[in-house]
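K.L.:
Provided herewith is a single structure, encoded as C-alpha cells, for subsequent inquiry.
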Amino acid sequence: MDIIETEISPSKKKVPFTKILPTIITISAFCFGMTAIRFALCGRWETAVMCILVSALLDSFDGRVARMLGQSSQFGAELDSLSDLVCFGVAPSIILFLRSICVMEHAGWGICMFFTVCCALRLARFNAIQILNEPKPEWQKKYFSGIPAPAGAIIALFPFILSFSTESEYFLSEKIVSFFLLFSGVLMISTIKSMSSKMIEIKNGIVSPELLIVSLVIICLITELWLTLTVLVFLYIATIPYGAYKYSRTKREEGASDVFKQVS
C-alpha cells in the first residue's frame, strides 16, 4: 500500500496558475475565433468581426505572457499555431465567403481556400524557423518574413471594417473582398520584411510620448471604433514597404560595418 501511494502521489502535485495562464489565453483566443464562425452563420457580421479582433488581441499576449513568466514550451507553441490557423485562416474565409463572395460559387470558394492555405504555410514556416533556431543578429529579430497571421486576417477583413465605418456596403462587393483576400494571402507567404512590435521602444519617464499616443488610440477606439480601425489598418499597410526598405538599408549598413571590422 505504501508503494502504491508513493507512485501515485507525484501525479497529485499541484500546478501553479502561472504555468497554465498562457495556455488559457491561447484557448480563449481559439474560442473567440470559433464563435466568430457561429455569428457569421447567424448573419451577425459586426459581432463576428469583433470576435476575430478580440482573438487577435489575445494572440498578441499569450507568447509575451509565456516568456515573461518563463513558461514557454513546445506544446504552447504548437497549440498557438493551431489556434491561429482556425482564428486567422479559417474563420475570416468563412465569414467573407458567407457575406460576400458566395455568389462567385467555385471561384469565390477557391479564393477563400487560397487565403487559408497561405495562412497555413506562413504558420508552418514560422514554426520551422523557431525549431531550427538558427542564430541571427539581434536587429533581424525585429522583423517578420511576410506579415503575421493576425495582421493577415485583419487586412482580409478590411472591407468589413470600411463598410462599418462608412455605413456603405460598396466595400463588400465581390471584387474588393476577393482582392483583399488574395492581397493578404500573398503578403503572408511572401518574404518581404515587415516590422514587428519589438521595434517599439518605450522611453523612461513618468509620462512618455508613447504612453500618450497609446492613450489617445484607446480613447479613439472607445469613441469611434471602426473609423479608428480603418486608420490603423491603413497605417499598418503603409508600414509594410517602409519596413522592407528599412530592413534592406540596415542590412547594407551592417554588412558595411562587418567589412570595416575585418579590414581594420
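K.L.:
Using a 10 Å cut-off around each Cβ, can you sort Leu58, Leu69 from fewest to most neighbouring Cβ atoms?
P.N.:
Leu69, Leu58
K.L.:
Compute the semi-axes of the equivalent ellipsoid of segment 18-113, taking the square root of 5 times each eigenvalue of the Cα gyration tensor, and list them largest first in whole Å.
P.N.:
Here the semi-axes work out to 30, 13, 8 Å.
K.L.:
If you place +1 on the Cβ of every Lys and Arg and -1 on the Cβ of every Asp and Glu, how big does the dipole about the Cα centre of the chain come out, in debye to the nearest 20?
P.N.:
On the way: 23 positive and 21 negative charges, 126 e Å.
Result for the chain is approximately 600 debye, rounded to the nearest 20.
K.L.:
Using the scaling law 2.2 N^0.38 Å as the reference, what is the normalised Cα Rg of segment 111-164?
P.N.:
Working: Rg = 14.2 Å, N = 54, 2.2 N^0.38 = 10.0 Å.
Its radius of gyration relative to the 2.2 N^0.38 Å reference: 1.42.
K.L.:
Could you please rank Val54, Val90, Val103, placing first whichever residue has the fewest other Cβ atoms within 10 Å of its Cβ?
P.N.:
Val103, Val54, Val90
K.L.:
Taking the beta-carbon count within 10 Å as an exposure proxy, list Leu85, Leu235 from fewest neighbours to most.
P.N.:
Fewest to most other Cβ atoms nearby, the residues stand as Leu235, Leu85.
K.L.:
Let me ask something additional. Go ahead and run the numbers for FRET between Ile94 and Arg67, Cβ-Cβ distance against an R0 of 25 Å, rounding to 0.05.
P.N.:
Calculated transfer efficiency: 0.20.
K.L.:
Compute log10 of I(q)/I(0) for the chain with the Debye formula, placing one identical point scatterer on every Cα and leaving out solvent, at q = 0.12, 0.15 Å⁻¹, to two decimals.
P.N.:
-0.82, -1.19
K.L.:
Do the sum for the chain: with -39,500 (n - 2.57) for every DSSP H run of n ≥ 4, divided by all residues, what is the mean residue ellipticity at 222 nm, to the nearest 500 deg cm²/dmol?
P.N.:
Computed ellipticity for the chain at 222 nm equals -24500 deg cm²/dmol.
K.L.:
Given Cα pairs under 8 Å that are at least 6 residues apart, what percent is the relative contact order of the chain?
P.N.:
Working: 276 pairs, mean separation 44.1, N = 264.
Once normalised by length, the contact order is 17 percent.
K.L.:
Would you calculate the convex hull of the Cα atoms in segment 74-169 and tell me its volume per residue in Å³?
P.N.:
109 Å³
K.L.:
For segment 156-167, take each phi angle, set θ = phi - 60°, evaluate the Karplus expression 6.51 cos²θ - 1.76 cosθ + 1.60, and give the result in whole Hz per residue in order, putting x for glycine and proline.
P.N.:
So the Karplus estimates, Gly and Pro as x, are 4, 8, 4, x, 4, 4, 5, 5, 5, 6, 9, 6 Hz.
K.L.:
Given the Cα-Cα distance of Trp109 and Arg249 and 0.36 nm per residue of separation, how much length would full extension add, in nm?
P.N.:
That pair, Trp109 and Arg249, stretches by 46.4 nm at full extension.
Values in this text are rule-based calculations from the coordinates and carry no lab data. This structure is a prediction, so every number in the text was calculated from the model and none was measured. Positions of Cβ are generated from backbone atoms using ideal geometry, with glycine treated the same way; all protein chains shown enter the neighbour counts.
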